[in-house]
Structure formats: C-alpha cells, structure tokens
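For reference, the structure I am asking about is given below.
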Amino acid sequence: MRFTVAIDGPAAAGKGTISRALAARFGFAHLDTGLLYRAVGALVAEGADPVAAARGLSAADLARADLRSLAAGEAASKVAVMPEVRAALVDFQRRFARGQGGAVLDGRDIGTVICPEAEVKLFVTASASVRAHRRWLEVGGDEAEVLAQVIARDRRDSERATAPMRPAGDAVVIDTSEMGIDEAVEHAAAVIRQKLPQAG
Ligand code: C5P
C-alpha cells in the first residue's frame, strides 16, 4: 500500500509530536523533513557549500546530536530559502513518501510542493505566542526573545519565494492553540481514517 500523510505548519505547533503519534498508530514510516534542512544548515555553519552539503547528505549527518537547538533551526531556515538546496532534497523526500507501507512527512512544503498528491494533508498551527511559550518551556532563557525568534522564523519561512510555508488548498487545518496534544492527534487520526477506512 502507498499512502502519504503530509503535515505542514510552523515551528512548535505540535506537528512533530502529532506526526510521530500518527506514524506509530497506523504503522507508517515517518520523516521529519526539518532535519534535512537542519543538517545542511549545520554543515554550512562549519564552512560547507550549501548545495554540495544538500546533495551529499548522509545518514550520519542526520543523526548529529546538535540539530535540535534554536541555533540549528535558525541556520536551517537560512539555507531553506535557497532554491538549489531545496531542489537537491526533493527526490529523497518523494521516494520516502511513496515507499511501501505508508508514510508521514512533516515540514513546511510537503502538501504544496513535495507531495501535492498526498492522500491526507494537514496544516498544524497555533498562535505565535502559544508556540513561543511552548518553545520557551523547553529551552528556557528570555521568553520575549524566543517569541521574536519564532516570529522571525515564521516570516522567513512564509515570505520566501521558493516553496513558502502555507496550507495547501485542500489541507485540513488543525489549530492547537487551545487543544491538548491528545485531542490534536485524535482529530488528525480521524482525518486519516476517513481516507483509509481499513486502518486503525
Ligand atoms: O521543522 P523544523 O523546525 O525542524 O525546520 C527547520 C527549518 O527548516 C524551518 O524553519 C524551515 O525554514 C526549514 N524547512 C523547510 N521545509 C521543510 C522543513 C523545514 O523549509 N519541509
């Protein structure tokens, strides 16, 4: 069976947690596509050429321990504006999406550019202040500064010329501002079940 669930949305809206929960529930493979951009950003910070880094990404690059930091997210969103970097990562994501057994991919442009044919498209979002608060609970520091970073990253991701972050026309929008994660997962699972009647 081939079945693609495309999950897009801004940082800290809950799409990673929802994606992992859905993959586990339905037995689908999961790809956090942000990791690809984070790995490229980390290599570029060490002096690599962005396009060469994107073309040559290895499993070891994706397993680096330093990819989850705020700085890595910033570096990722800077290389993510480069059309050649994005182009170098397309095939890998599309192959993953159409692998046997079903796949969940989360990112910014999965439903719009990578997998416009995905069987299910979700756009998981929340207000900037709620997302900044969640991030701040994880990373600490100055909450106002975390909010400023969230807003700057949203702007860079949604205003870039190539593959800007936006919901696909046929995406189901899930706003988690006032929703617990369990409720959000149930909501998303219900959308999948509608398209996949025989699954959990
Ligand atoms: O989702 P995550 O916070 O790990 O993504 C880091 C950055 O990578 C995003 O801010 C965005 O600039 C970029 N990204 C992207 N397209 C994707 C996934 C991530 O441009 N599909």
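Give the number of residues within segment 169-185 that are in a helix (DSSP H, G or I), modelled with pLDDT of 95 or more and over 10 Å from V124 (Cα atoms).
Residues in segment 169-185 being in a helix (DSSP H, G or I), modelled with pLDDT of 95 or more and over 10 Å from V124 (Cα atoms): 3 in total.
Test V44 against the criterion of being open to solvent by less than 20 Å² (accessible area, probe 1.4 Å) and of a type in the set (A, V, I, L, M), and give yes or no.
no
Taking segment 93-102 as the region of interest, how many residues are under 15 Å from the mean Cα position of the chain (by Cα) and over 20 Å from P10 (Cα atoms)?
The total comes to 3.
While we're here: Could you check M165 against (1) modelled with pLDDT of 95 or more; (2) outside any loop (DSSP other than H, G, I, E, B); (3) of a type outside the set (D, E); (4) open to solvent by less than 80 Å² (accessible area, probe 1.4 Å) and say which number it fails?
With (1) modelled with pLDDT of 95 or more; (2) outside any loop (DSSP other than H, G, I, E, B); (3) of a type outside the set (D, E); (4) open to solvent by less than 80 Å² (accessible area, probe 1.4 Å) applied to M165, the lone miss is (2).
Can you name the number of the only condition in (1) farther than 24 Å from V90 by Cα; (2) in a helix (DSSP H, G or I) that G141 fails?
Of the numbered conditions (1) farther than 24 Å from V90 by Cα; (2) in a helix (DSSP H, G or I), the odd one out for G141 is (2).
Taking only pairs six or more apart or across chains, which ones have beta-carbon atoms under 9 Å, a first residue in segment 24-49 that is within 11 Å of D61 (Cβ to Cβ) and without any contact (Cβ under 8 Å) to a residue 24 or more places away in the chain, and a second residue that is within 16 Å of the ligand (Cβ to nearest atom) and charged (D, E, K, R)?
Once the first residue is within 11 Å of D61 (Cβ to Cβ) and without any contact (Cβ under 8 Å) to a residue 24 or more places away in the chain and sits in segment 24-49, its partners that are within 16 Å of the ligand (Cβ to nearest atom) and charged (D, E, K, R) give L43/D61.
For a quick check of your reading: which helices (runs of 4 or more DSSP H) sit entirely within segment 1-112 and have at least 1 residues that are within 9 Å of the ligand (Cβ to nearest atom)? Walk me through it before giving the result.
Values: elements: 15-26, 34-45, 50-55, 59-62, 70-79, 83-97.
Filter on segment 1-112 gives 15-26, 34-45, 70-79, 83-97.
This table checks each residue for (1) open to solvent by 10 Å² or more (accessible area, probe 1.4 Å); (2) more than 14 Å from V172 (Cβ to Cβ); (3) not hydrophobic (A, V, I, L, M, F, W, C).
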{"site": "Q100", "(1), (2), (3)": "yes, yes, yes"}
{"site": "A103", "(1), (2), (3)": "no, yes, no"}
{"site": "G107", "(1), (2), (3)": "no, yes, yes"}
{"site": "C115", "(1), (2), (3)": "no, yes, no"}
{"site": "K121", "(1), (2), (3)": "yes, no, yes"}
{"site": "T125", "(1), (2), (3)": "yes, no, yes"}
{"site": "S129", "(1), (2), (3)": "yes, yes, yes"}
{"site": "A132", "(1), (2), (3)": "no, yes, no"}
{"site": "R135", "(1), (2), (3)": "yes, yes, yes"}
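The values are calculated or read from the model by the stated rules, or taken from the named source; none is laboratory data. Here the structure is a predicted model, which is why all the values come from computation and not from measurement. Cβ: placed from backbone, ideal geometry, glycine included. Neighbour counts: every protein chain shown. Each accessible area value is taken on the protein alone, full model and side chains, heavy atoms only, with ligands, DNA and RNA left out. Shrake-Rupley method; radii C 1.70, N 1.55, O 1.52, S 1.80 Å.
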